[in-house]
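Read through the structure below, which is laid out as structure tokens, and then see the notes.
No lab work stands behind these numbers, since they all come straight from the coordinates. Since the model is a prediction, treat every value here as computed from it, not as a measurement. Cβ sites come from the backbone with ideal geometry, for glycine too, and all protein chains shown count toward neighbours.
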Amino acid sequence: VPVQPFDIVIFGATGDLAQGKLLPALFHRWCDGQIPAESRIVAAARDAMSAEEFRALTAARVAPDGTVAERREAFAKFARLIDYVAVDVSDGGSGWGELEAALAGGESKIRLFYLALPPSLYGPVCGAIAKHGLRTASSRIVLEKPIGHDFHSAREINRRVGEVFPEDSIFRIDHYLGKETVQNLLILRFANFLFEPLWNANGIDHVQITVAETVGAGRRASYYDTAGALRDMVQNHLLQLMCLVAMEPPSSLDADPVRTEKLKVLRALKPVTQESVARSVVRGQYRGGVIEGEPVPGYSEELGAKSRTETFVALRAEIGNWRWAGVPFYLRTGKRMAERRSEIIVQFKQVPHDVVAADHGRPHPNRLVIRLQPDEGVKLMLMTKDPGPGGVRLRYVPLNLSFAETFTKDYPDAYERLLMAVVRGNLALFMRGDEVEAAWRWTDRVIAAWQDGQSELYPYAAGTDGPTQAALLLERDGREWFDGF
Ligand code: BG6
């Protein structure tokens, strides 16, 4: 279904995010007929270049020579929507007049400003948008994560952006919320009766959330080194996933009911202490190794300097409320791990009494595996009787829902969905300011404990599951990490 015509200004248009995600996403939505022809894309960046040069730069990334002719022809048509303006976003910078001219005539359309920029520029750029009179009544601002680098900087960004844009026109992106399987989580939980009665400390032993990547810091190493895995992944993606697993049922899937319930989870996270961080949080950094048969360098070689930044975190979190008292949530994420795999595993409790004699096998607890990527799917592990004449033998088998096999439809990638949601004004897939601040409050305490010098940084070889200390974290609790599929 086409959205309304819109103008989008992408600041940072020559950067990795814009070139690698945003422009391809807009192109794909345009190919699908979702973007009306009157829409315009105004790319803005520091570099002096013509619109023609910018289109060629983007074409080389999105539809390079060698891709099928149809894609290149389609891109050439799509590129007619794109204009380019050199804007220096620093204080008193140049180019704002040109930007105003490029947007002329679009005052009645929906106008999006996408800040694919470092967060320190969010406040100043919003100020400049206001000063140069670019904000129309139907303007929306899109901010990429991370929103700041700690609670105070996030609050300051929220304040400065909030001086120019009302909260209901601020779209803070956490692209995990745009993933098909992540959205499915709420439907799985709240459109089935089956799970909810057991979805609490009485029925659930623990929850594991893993986001493992094979990529390294690579070209982003200089940004990444100022962030690390806790700020880059846990503060946003992993905590958001945890919220969706742990939240109370919202009254509807509208933005505020959902966001308010997520906020309550973040606020109920048990605060960490110096002591608990040393016990419950493991930091790691990859060394050289082999991934899918290819040798890869270690983190400090990629960065070109020694560093104490973590590229892996595993932690045990607890939510202090009635539903979750005593249920650990184990979160882990890392770069250069053995395989790319994101999944949520809900481990139910053991049955209270065995009806089958011990020598016929012990029942395993039920396990729900939600595979976010790749090979999206949901799997419920059940005990069954092994078929055959030889009496009762237990067998642990999956009820398996593979998205690829069940839904033949292609679905849009996270950025495609999120960009169209901004045009539609659907805030439910975006973080509210108070959520971001609550998440920082919790991660700030972890960072503070690390900075007090108590934290070890464990090495792990690229192409493995991270440092062995991550396995010990669960072993100490009598548990282990599962490879869910
Ligand atoms: C980004 C992080 O938010 O998410 C990156 O900044 C990370 O470091 C990426 O690689 C992972 O996203 P996805 O969609 O590939 O799982």
### Task
Rank 76, 97, 282 by how far each Cα sits towards the positive end of the charge dipole of the chain (+1 on Lys, Arg Cβ; -1 on Asp, Glu Cβ) and give me just the farthest.
282
### Summary
In the structure shown, of 145/335; 21/145; 21/179; 264/335; 270/349; 262/335, the pairs separated by more than 20 angstrom at the C-alpha atoms are 264/335; 270/349; 262/335
#### Entry: Length gained when the stretch residue 275-residue 200 is fully extended (0.36 nm per residue, less Cα-Cα span)
24.3 nm
### Summary
Quick calc, residue 120 & residue 267: beta-carbon distance into FRET formula, R0 25 Å, rounding 0.05, result 0.40
#### Entry: Furthest towards positive pole of dipole, 457, 389, 404, structure part the range 389-461, Cβ charges
389
### Task
Can you tell me the dipole magnitude for the chain around its Cα centre, using point charges on the Cβ only (Lys, Arg +1; Asp, Glu -1), in Debye to the nearest 20?
680
### Task
Using θ = phi - 60° and the Karplus relation 6.51 cos²θ - 1.76 cosθ + 1.60, list the HN-Hα couplings for the range 52-62 in order, rounded to whole Hz, with x at every Gly or Pro.
4, 5, 5, 4, 5, 4, 6, 4, 5, 8, 8
### Message
Tell me the relative contact order for the range 24-176 as a rounded percent, counting alpha carbon contacts under 8 Å between residues six or more apart.
### Response
19
### Message
Please list, ordered by chain and number, the residues whose modelled amide H lies under 5 Å from the amide H of residue 327; skip anything fewer than 5 residues away on the same chain.
### Response
319
#### Entry: 15 Å reach of a label modelled at residue 350, 7 Å along Cα-to-Cβ, counting backbone N of the range 444-485
477-480
### Query
Which residues' amide hydrogens lie under 5 Å from the amide hydrogen of residue 9, considering only partners 5 or more residues apart or on another chain, with H built in the peptide plane?
42, 112, 113, 114
### Message
Using +1 at the C-beta of Lys and Arg and -1 at the C-beta of Asp and Glu, which of 166, 42, 64 has the Cα lying farthest in the positive direction of the dipole of the chain?
### Response
166
### Cα convex hull volume per residue for the chain (Å³)
175
### Query
Which whole-Hz couplings ³J(HN,Hα) result when phi for each residue of the range 110-121 is put into the Karplus expression 6.51 cos²θ - 1.76 cosθ + 1.60, θ = phi - 60°, listed in order with x for Gly and Pro?
5, 10, 10, 10, 9, 9, 8, 9, x, x, 5, 8
## Note on the structure
Karplus ³J(HN,Hα) for the range 427-433 (6.51 cos²θ - 1.76 cosθ + 1.60, θ = phi - 60°; Hz, whole; x = Gly/Pro) runs 7, 4, 8, 10, 8, 7, x
#### Entry: Förster-model FRET efficiency, 60 Å R0, residue 426 and residue 360, C-beta, rounded to 0.05
0.70
### Query
Please state the relative contact order of the range 214-285 as a whole percent: Cα pairs under 8 Å, 6+ residues apart?
21
## Note on the structure
For 337, 420, ascending order of other Cβ atoms within 10 Å (fewest first) is 420, 337
### Task
Mind giving me the FRET efficiency for residue 306 and residue 46? R0 is 22 Å, r the Cβ-Cβ distance, nearest 0.05 is fine.
0.10
### Task
Using a/c under 1.5 as the rounded threshold, could you call the range 270-322 rounded, prolate or oblate? The axes a ≥ b ≥ c are square roots of the C-alpha gyration tensor eigenvalues, and prolate needs a/b larger than b/c, oblate otherwise.
prolate
## Note on the structure
Within the range 165-180, the residues whose backbone N lies under 17 Å from a label point placed 7 Å from the Cα of residue 404 along the Cα-to-Cβ direction are 180
### Task
May I ask you to list the aspartates and glutamates whose Cα is less than 18 Å away from that of residue 109, ignoring any residue fewer than eight positions away on the same chain?
7, 38, 83, 100, 168
